[in-house]
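Since the structure comes first, as structure tokens, the remarks are kept for the end.
The numbers here are math on the coordinates, done by the rules we state, and not lab data. Being a predicted model, the structure only gives us computed values, none of them experimental.
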Amino acid sequence: MAMILDGKAVAGEMEAELKLRVTAVKEKTGITPVLATILVGDDPASATYVKMKGNACRRVGMDSLKVVMPQDTTTEQLLAKIHELNNNPNVHGILLQHPVPSQIDERACFDAIDLKKDVDGVTCLGFGNMAMGQSAYGSCTPQGIMYLLEKYGVELSGKHAVVVGRSAILGKPMAMMLLNANCTVTICHSKTQNLAEMVQQADILVGAVGKPELIKQNWIKPGAVVIDAGFHPTDQGGVGDIELHGIENIAKAYTPVPGGVGPMTINTLIRQTIESAEKSIQTT
Ligand code: NAP
């Protein structure tokens, strides 16, 4: 039977450790780490994600500063808000909830976030530093996946990793992180030919396509480590981007959906904000 890479359990354990770090910062300096969250517009899913992130801050004793901006916000208005948060010494991390309304230049706004406060790992510069193996906050979902693999002692060096998806927040940084961990990496996307053949070669498979069960169970190599970043709600609870039914008899290890990758993402955001607060103390 395959090992379950239980993100919910690992995130829970890590949360206890994060709570101690927040307490230490508070006791040493009287400072409470703060994550500023920016929600632009009225997308209900985004509002839920932001709320979950605020709740996670409270669970570890941090504060969140919630900024809500209207649907018709301009790029200039959002940039001005980001600059204000960059200059606020009480803010240690900035999260701009993706996606923003279409009239806004999202890339320009992400890149306006001060690198020291880019705890969600969305800036081009942060991505570049991470890719070059320099110190940087990684994009939270792939970074959370890396923590999970490390926690379960999954060996990566020399393995063939196949990442299906190449988005800026998930597929691309995931591929770079696996490359830095000495995997041989193949990146697949919507123009890839013979996706099934590519997936069949994976020792480590990451599904990050945003399409319910696009990656079929019978494509998966026996003994592979299967990471499913997707989540699509269904009447039965939800499915991921990979067909996981029966996977326990094929894979060596896999992330369940839900309860695998999702909890690690928020946990990583919180961890990186605490790290930023700790660093800000060291430099003052
Ligand atoms: P995205 O921006 O929509 O990117 C999807 C990627 O999949 C694109 O690179 C696209 O290729 C590729 N793709 C689409 N159809 C394909 C096909 N038929 N064959 C091969 N590749 C295909 O999505 P995302 O933001 O990266 O998210 C991916 C998944 O992860 C979603 O299910 C999302 O819900 C989930 N997610 C989970 C978390 C979490 O915390 N658990 C966080 C973020 C995302 P092109 O580049 O060619 O268009």
ask   = Counting pairs of Cα atoms in the chain, how many percent are more than 33 Å apart?
value = 23
query = Across segment 235-242, in residue order, what do the Karplus-derived ³J(HN,Hα) couplings come to in whole Hz, using 6.51 cos²θ - 1.76 cosθ + 1.60 with θ = phi - 60° and x for Gly and Pro?
reply = 4, 8, x, x, 10, x, 8, 10
request  = For the chain, give the share of DSSP beta bridges that are antiparallel, in percent and rounded to the nearest 5; count only bridges with both residues there.
outcome  = 5
key: Long-range HN-HN contacts of Ile204 with modeled amide H, under 5 Å   = His160, Ala161, Val162, Val225
ask   = Taking the radius of gyration and the Kirkwood hydrodynamic radius from Cα positions alone, what is the Rg/Rh ratio for segment 140-262, to two decimal places?
value = 0.92
message = Apply the Karplus curve 6.51 cos²θ - 1.76 cosθ + 1.60, θ = phi - 60°, to the phi angles in segment 25-39 and return the couplings in whole Hz, x for Gly and Pro.
response = 4, 4, 5, 6, 10, x, 8, 9, x, 10, 9, 8, 10, 10, 10
ask   = For segment 247-260, what does the Karplus curve 6.51 cos²θ - 1.76 cosθ + 1.60, with θ = phi - 60°, yield as ³J(HN,Hα) per residue in whole Hz, taken in order and with x for Gly and Pro?
value = 5, 4, 8, 10, 7, 7, 7, 7, 8, x, 10, x, x, x
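Kirkwood hydrodynamic radius, segment 76-168, all distinct C-alpha pairs: what's the number in Å?
Hydrodynamic radius (Kirkwood, Cα pairs) of segment 76-168 is 14.9 Å.
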request  = For Met69, enumerate residues with amide H under 5 Å from its amide H, sequence gap 5+ or separate chain, H modeled in the peptide plane.
outcome  = Leu39, Val40, Gly41
request  = Would you list the P(r) distribution for segment 1-149, with all Cα-Cα distances sorted into 5 Å bins from 0 and each bin expressed as a whole %?
outcome  = 2, 9, 16, 20, 21, 16, 10, 5, 1, 1, 0
remark   = In a Gaussian network model of the chain with springs linking alpha carbons closer than 10 Å, the residue among Pro70, Pro222, Pro33 that fluctuates most is Pro70
